[in-house]
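Engineer: Sharing a structure here in structure tokens format.
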């Protein structure tokens, strides 16, 4: 069962989420939908994100790979230079620096696509609500027995409208 | 830069500025030997002449006490050439005999090497080269024609070096000093130019390079050029 | 900001979506003119490939001239987006929000044009791929010690980063457009919105990603223009071989970027009727930034000329002399006037600082910065160390046409952009207005 409640006040959304978590709903079962980012107080609905870590990892990995690539390929191709060094730390370091940036970009974007369920959509239990300017939708995925409690929390917090949706339809 | 091994040649040149008369026979000979495109007054006005070796003129004093000094300037075949690291495709490099080689087929025409050469001895083919009749019959078959879009410069007549080495190998004798004469060296009427192996201590050019009259052009830039200019009281 | 919150959501959407559907005759005329210019420039390039680079004005010793000037110029202007989006974002300047997308779009298009120009200046452009490290049977490989190869990696990285940085905040707007569009663009929007539903997870991830990208793109941008400047300062040409070039070029780039941004914003404000959104406040702030960059630019210029004059190195002094009193003096002093004297007067005196004068400064700064790049490239090349090799330079119709073509291409790309995507980020705007 999927409950979608519409709110127009951010404090109401915060109250609703707090009471839902107090009822025992986990963060994975609650999802908010809005056309602008909703700033909830810290601790209400915290989402962990690993994008920063992936950015750093991407930077390190890409830079290492690129530098190793240049090093080994420069030495494998029998380039004649008459003594001009093939691989110098300073000049290849510039390419390494750029590849740090490129790797950070790649890590950030890939992790964003993954965490946001963009490009390759994540399976959803029901359709997301159509966004309305000024409104925030709170969607709760609850087993049939608990839907009444959830609806109660949402109405008490000040929901303007509540829709029900049977999963699988 | 790695020093040349003792058994490798290190081709160098000595030019005696006190003997040079500025006749530019070397320029004409180079044009003939290396299939250089013809330079016309029109191309000179546009700054697009091709003179792999050129004679620079320096005037001293006021009329009537004017002195003119001539200085033939060609590719210095630097041991530490500034043109080499900047080519993005490795079209110019220093070969085992100390020559700064330009690979025409590899050049994509960024012209960075030409900018970085402090002696301004590199030339770019702005168009496909053309020769007025019947000069195209005069081409040297040992030297390739450069297409549009590539850089070229003096090679110390590498085709003559190769020919001399092949002849020596065929005859079963080592290469002797004076066997190789680039076109400019050969044509100088004042015998102001000497060419040879700097690694051979008994060669004429090595002796001249060691003499007190020898200097190099703009050597303070650290290019380590291999053309030695001899002048009085240097 | 008091006035921002007064515009209701629905009006914001109407205003910012209106340019996407209402096209005027003036618009189509401009598009046609720009397209014709771009077509002519491409034809000129084709002719240049066919006949050879000789039809341009290059000679010995001026082996680099107009095209390389254009290259540095366009890469420089691309720093507009970096400044506004990245620096101001990290500084928390909220007034930047209506301006970010316009600035980032400038960045992307300038980079696209700038990345094309190294192909135009190649002697054998059909062999350009030899600069790319690909496996081959011929034992050839690019030279990673060459600043031109560093250029290639830097610009590729910056272009990728900038396109993505433009694209990320566009996703929520695209999703909204996809659900409200009725014509062919609906498919484009839906495709580009890549499944955005506005969930809090997505917003959270997007905001973190945007913050990270701001920092990353800023670092990349500084490195890119430093690397481009090293095309020159790594060479031993007198008055190229200067350690100041890295910071000098970055400052100059941000300077010309703000000037371009001011002009673009003035254009958008006028032609798209965005007076409510691009307010005098924004222009005033940008004008102050322009003034700051003008002072910085002047500081660097003075530092460079002064040290050359005092040091009296013969090779460098010859170039300096021609720049201050000689052949290039008219260009040099015009540049100083355009880049410093006029902006200092018009932007420094509060009474004179308004949208019109800021726009005028934008134009003069762009002219001045183009002249600066030209002077940096051509003046030292014209006077190499050996005086016997000194030369002259004059452009031909090919270079003028192709340069004009790059400007027309920029305008054309922008004209197309503002008709497909909303030029102000609606969600960022609403977010700033209400929270």
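Engineer: State which residue pairs qualify: first residue in contact (Cβ under 8 Å) with a residue 60 or more places away in the chain and more than 8 Å from chain C (Cβ to nearest Cβ) and inside the range A:110-133, second residue surrounded by 16 or more Cβ atoms within 10 Å (Cβ to Cβ) and in a loop (DSSP other than H, G, I, E, B) in any location, beta carbons under 8 Å apart, and separation of 6 or more residues or different chains.
Structural biologist: A:132/A:35
Engineer: So, in the range A:134-150, exactly how many residues are within 23 Å of residue A:35 (Cβ to Cβ), touching a helix residue (DSSP H, G or I) at 6+ places or on another chain (Cβ under 8 Å) and either facing chain C (nearest Cβ under 10 Å) or surrounded by 23 or more Cβ atoms within 10 Å (Cβ to Cβ) (or both)? First the steps, then the outcome.
Structural biologist: So the first thing to find is which residues in the range A:134-150 are within 23 Å of residue A:35 (Cβ to Cβ), and the list is A:134-141.
With the extra rule that they be touching a helix residue (DSSP H, G or I) at 6+ places or on another chain (Cβ under 8 Å), the set shrinks to A:134, A:136, A:138, A:140-141.
Remaining after also requiring either facing chain C (nearest Cβ under 10 Å) or surrounded by 23 or more Cβ atoms within 10 Å (Cβ to Cβ) (or both): A:134, A:136, A:138, A:140.
Final tally of qualifying residues: 4.
Engineer: Restricting to the range B:78-105, what's the tally of residues that are under 20 Å from residue A:86 (Cα atoms), part of a loop (DSSP other than H, G, I, E, B) and more than 7 Å from chain C (Cβ to nearest Cβ)?
Structural biologist: Total satisfying the criteria: 13.
Engineer: Which pairs have Cβ atoms under 6 Å, sit 6 or more apart or on different chains, and link a residue in the range A:62-77 that is closer than 14 Å to residue C:149 by Cβ and at the interface with another protein chain (Cβ under 8 Å from one of its Cβ atoms) to one that is at pLDDT 85 or above and in a helix (DSSP H, G or I)?
Structural biologist: What qualifies is A:70/A:92.
Engineer: For the range B:156-176, enumerate the residues that are out of contact with any helix residue (DSSP H, G or I) (no Cβ under 6 Å at 6 or more places or on another chain), assigned to a loop (DSSP other than H, G, I, E, B) and surrounded by 14 or more Cβ atoms within 10 Å (Cβ to Cβ).
Structural biologist: Residue satisfying the conditions is B:156 alone.
Engineer: Take the residues of the range C:230-250 that are in contact (Cβ under 8 Å) with a residue 40 or more places away in the chain, in a helix (DSSP H, G or I) and buried (at least 22 other Cβ atoms within 10 Å of the Cβ): which is farthest from the other protein chains (Cβ to nearest Cβ)?
Structural biologist: Filtering the range C:230-250 for residues that are in contact (Cβ under 8 Å) with a residue 40 or more places away in the chain, in a helix (DSSP H, G or I) and buried (at least 22 other Cβ atoms within 10 Å of the Cβ), the one farthest from the other protein chains (Cβ to nearest Cβ) comes out as C:248.
Engineer: Would you mind finding the one in C:88, C:119 that is surrounded by fewer than 23 Cβ atoms within 10 Å (Cβ to Cβ), away from every other protein chain (no Cβ under 12 Å) and free of Cβ contacts under 8 Å to residues at least 40 places away in the same chain?
Structural biologist: Within the list C:88, C:119, the selection yields C:88.
Engineer: Quick one: which residue in A:42, A:37 is in contact with a helix residue (DSSP H, G or I) (Cβ under 7 Å, 6 or more places away or on another chain) and in a loop (DSSP other than H, G, I, E, B)?
Structural biologist: Sole residue among the options that is in contact with a helix residue (DSSP H, G or I) (Cβ under 7 Å, 6 or more places away or on another chain) and in a loop (DSSP other than H, G, I, E, B): A:37.
Engineer: Something else about it: Quick one: would you say residue B:185 is touching a strand residue (DSSP E or B) at 6+ places or on another chain (Cβ under 9 Å), more than 14 Å from chain C (Cβ to nearest Cβ), under 30 Å from residue C:61 (Cβ atoms) and surrounded by 17 or more Cβ atoms within 10 Å (Cβ to Cβ)?
Structural biologist: yes
Engineer: Do the conditions hold for residue B:118, that is, is it at pLDDT below 95, out of contact with any strand residue (DSSP E or B) (no Cβ under 9 Å at 6 or more places or on another chain) and assigned to a loop (DSSP other than H, G, I, E, B)?
Structural biologist: Working: at pLDDT below 95: no; out of contact with any strand residue (DSSP E or B) (no Cβ under 9 Å at 6 or more places or on another chain): yes; assigned to a loop (DSSP other than H, G, I, E, B): yes.
For residue B:118, the condition - at pLDDT below 95, out of contact with any strand residue (DSSP E or B) (no Cβ under 9 Å at 6 or more places or on another chain) and assigned to a loop (DSSP other than H, G, I, E, B) - is not met.
Engineer: Shifting gears a bit: Report yes if some residue within the range C:251-272 is assigned to a helix (DSSP H, G or I), within 14 Å of chain A (Cβ to nearest Cβ) and either modelled with pLDDT of 95 or more or under 26 Å from residue C:89 (Cβ atoms) (or both); otherwise report no. Before the answer, list the steps.
Structural biologist: Pass one, the range C:251-272, residues assigned to a helix (DSSP H, G or I): C:251-271.
Now drop any that are not within 14 Å of chain A (Cβ to nearest Cβ), which leaves none.
No, the range C:251-272 contains no residue that is assigned to a helix (DSSP H, G or I), within 14 Å of chain A (Cβ to nearest Cβ) and either modelled with pLDDT of 95 or more or under 26 Å from residue C:89 (Cβ atoms) (or both).
Engineer: I'm checking my understanding of the structure. Among residues of the range C:51-62 that are under 15 Å from residue C:394 (Cβ atoms) and not in a helix (DSSP H, G or I), which one is nearest to the other protein chains (Cβ to nearest Cβ)?
Structural biologist: In this case the residue turns out to be C:59.
Engineer: Still on this structure, please answer the following. Within the set of pairs 6+ apart or on separate chains, which have a first residue in the range A:24-45 that is more than 10 Å from chain C (Cβ to nearest Cβ), a second that is part of a loop (DSSP other than H, G, I, E, B), and C-beta atoms under 9 Å apart?
Structural biologist: Final answer for the pair search is A:25/A:142; A:29/A:142.
Engineer: Continuing with this model, one more query. Would you list the helices (runs of 4 or more DSSP H) that sit entirely within the range C:350-435 and hold 3 or more residues that are under 20 Å from residue C:261 (Cβ atoms) and within 21 Å of the chain's Cα centre (by Cα)?
Structural biologist: On the way: elements: C:355-382, C:397-420, C:426-434.
Per the criteria, C:355-382, C:397-420.
Engineer: Can you tell me which condition residue C:193 does not meet? The list is (1) away from chain A (no Cβ under 14 Å); (2) buried (at least 20 other Cβ atoms within 10 Å of the Cβ); (3) within 30 Å of residue C:412 (Cα to Cα), and all the others hold.
Structural biologist: The single condition residue C:193 does not satisfy is (1).
Engineer: Here is a further query. Are any residues in the range B:161-179 in contact (Cβ under 8 Å) with a residue 24 or more places away in the chain, over 14 Å from the mean Cα position of the chain (by Cα) and under 13 Å from residue B:9 (Cβ atoms), and if so, which ones?
Structural biologist: Passing the criteria: B:175, B:177.
Engineer: Can you confirm whether the range A:156-163 contains a residue that is under 13 Å from residue A:25 (Cβ atoms), at pLDDT 80 or above and in contact with a strand residue (DSSP E or B) (Cβ under 6 Å, 6 or more places away or on another chain)?
Structural biologist: no
Engineer: Still on this structure, please answer the following. Going through the range C:123-173 one residue at a time, which ones are outside any helix (DSSP H, G or I) and either crowded, with 19+ Cβ neighbours inside 10 Å or in contact with a helix residue (DSSP H, G or I) (Cβ under 7 Å, 6 or more places away or on another chain) (or both)? Show your work before the answer.
Structural biologist: Filtering the range C:123-173 for residues outside any helix (DSSP H, G or I) gives C:123-124, C:132-146, C:168-169.
C:123, C:124, C:133, C:140, C:141, C:142, C:143, C:144, C:145, C:146, C:168, C:169, listed by residue number.
Engineer: Right, another one. Considering (1) within 12 Å of another protein chain (Cβ to nearest Cβ); (2) surrounded by fewer than 22 Cβ atoms within 10 Å (Cβ to Cβ); (3) without any contact (Cβ under 8 Å) to a residue 24 or more places away in the chain, say which one residue C:183 fails and leave the rest.
Structural biologist: It fails just one condition, (1).
Engineer: Tell me which residues, restricted to the range C:21-55, are surrounded by 16 or more Cβ atoms within 10 Å (Cβ to Cβ) and more than 30 Å from residue C:273 (Cβ to Cβ).
Structural biologist: C:41, C:44, C:45, C:48, C:49, C:52, C:53, C:54, C:55
Engineer: Identify, from the list A:105, A:100, A:80, A:95, the residue that is crowded, with 16+ Cβ neighbours inside 10 Å and more than 24 Å from the chain's Cα centre (by Cα).
Structural biologist: None of the others qualify; the one that does is A:95.
The values are calculated or read from the model by the stated rules, or taken from the named source; none is laboratory data. Note that the structure is predicted; figures quoted are calculated from it, not measured. Positions of Cβ are backbone-derived with ideal geometry, glycine not excepted, and every protein chain shown enters the neighbour counts.
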